[in-house]
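The values are calculated or read from the model by the stated rules, or taken from the named source; none is laboratory data. A quick note: this is a predicted structure, and the numbers were derived from the prediction, not measured. When we count neighbours, we look across all protein chains shown, and the Cβ atoms used for this are built from the backbone with ideal geometry, even at glycine.
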Amino acid sequence: MAGSRTAAALEVLAANLAFYAALESRDPSRMEAVWSHADDVACTHPGWHRLDGWEDVSRSWHAIFASSRAWKVRSEDERAFVSGEIAVVLCTEVLAAVGAAGEPARMQATNVFRREDGHWRMVHHHASGTPDPEGDEGEDAVN
């Protein structure tokens, strides 16, 4: 895999953008269009345990969208890696509740896509909080 801007990498980055557009819209049908509906998909929302299979992943998005307030979300610092029919996007999610004061939440995300019927479909999403940039740990710290 290579972190490049090949045609395939650009297609995957477009699929990644569609995921974040679906997330911001809080529209379950848009989210369903982004994901593979296979039994091998998985998702780990920040602070949650891993969800396995499209049924559980879909149910989680429906619950999140039904119980959350409007937000703005974007992806930054994307790196796409493509190997055959599988692709990975590493990025930073920036999410802010509409009308909320303070800094937006920043999460590190790993998004995995698989080419299905000529389209890149998400098969795995994992997001976790980022460390405080002003914390005790320097950028060179591993643990």
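Within the stretch 105-119, if we keep just the residues that are surrounded by 15 or more Cβ atoms within 10 Å (Cβ to Cβ) and not charged (D, E, K, R), the residue that is farthest from residue 15 (Cα to Cα) turns out to be 105. For the stretch 120-130, the criterion of being among the small types (Gly, Ala, Ser), out of contact with any Ser or Thr (no Cβ under 9 Å at 6 or more places or on another chain), farther than 22 Å from residue 51 by Cβ and surrounded by fewer than 18 Cβ atoms within 10 Å (Cβ to Cβ) is met by none of the residues. Does the stretch 57-67 contain any residue that is in a strand (DSSP E or B), over 14 Å from the mean Cα position of the chain (by Cα) and of a type in the set (D, E, K, R)? Within the stretch 57-67, not a single residue is in a strand (DSSP E or B), over 14 Å from the mean Cα position of the chain (by Cα) and of a type in the set (D, E, K, R).
For the stretch 2-48, a residue qualifies if it is of a type outside the set (S, T, N, Q), within 15 Å of residue 64 (Cα to Cα) and touching a His at 6+ places or on another chain (Cβ under 6 Å), and the qualifying residues are 28, 43. Within the stretch 83-104, if we keep just the residues that are outside any strand (DSSP E or B) and over 29 Å from residue 8 (Cβ atoms), the residue that is modelled with the highest pLDDT turns out to be 104. Criterion first (under 14 Å from the mean Cα position of the chain (by Cα), part of a helix (DSSP H, G or I), surrounded by 20 or more Cβ atoms within 10 Å (Cβ to Cβ) and in contact (Cβ under 8 Å) with a residue 40 or more places away in the chain) does residue 23 satisfy it? In short, yes. Tell me, yes or no, whether the stretch 67-77 has at least one residue that is hydroxyl-bearing (Ser, Thr, Tyr), surrounded by fewer than 16 Cβ atoms within 10 Å (Cβ to Cβ) and at pLDDT 95 or above. No, every residue in the stretch 67-77 fails to be hydroxyl-bearing (Ser, Thr, Tyr), surrounded by fewer than 16 Cβ atoms within 10 Å (Cβ to Cβ) and at pLDDT 95 or above.
Checked against (1) assigned to a loop (DSSP other than H, G, I, E, B); (2) within 18 Å of residue 91 (Cα to Cα), residue 37 passes all but a single condition, namely (2).
Scanning the stretch 45-63 for residues that are farther than 23 Å from residue 13 by Cβ and modelled with pLDDT under 95 yields a total of 2.
For beta carbons closer than 6 Å, sequence separation of 6+ or different chains, a first residue in the stretch 85-112 that is of a type in the set (Lys, Arg) and a second that is part of a strand (DSSP E or B) and surrounded by 15 or more Cβ atoms within 10 Å (Cβ to Cβ), the qualifying pairs are 106/92; 106/94. Set side by side, the residues 15, 80 differ, and just one is at pLDDT 95 or above and assigned to a strand (DSSP E or B), which is 80. Does the stretch 49-80 hold any residues that are without any contact (Cβ under 8 Å) to a residue 40 or more places away in the chain, of a type in the set (S, T, N, Q) and within 18 Å of residue 113 (Cβ to Cβ), and which are they? Residue satisfying the conditions is 58 alone. Mind telling me which of the residues 9, 15 ends up being on the phi < 0 side of the Ramachandran plot and more than 14 Å from the chain's Cα centre (by Cα)? Of the residues listed, the single one that is on the phi < 0 side of the Ramachandran plot and more than 14 Å from the chain's Cα centre (by Cα) is 9.
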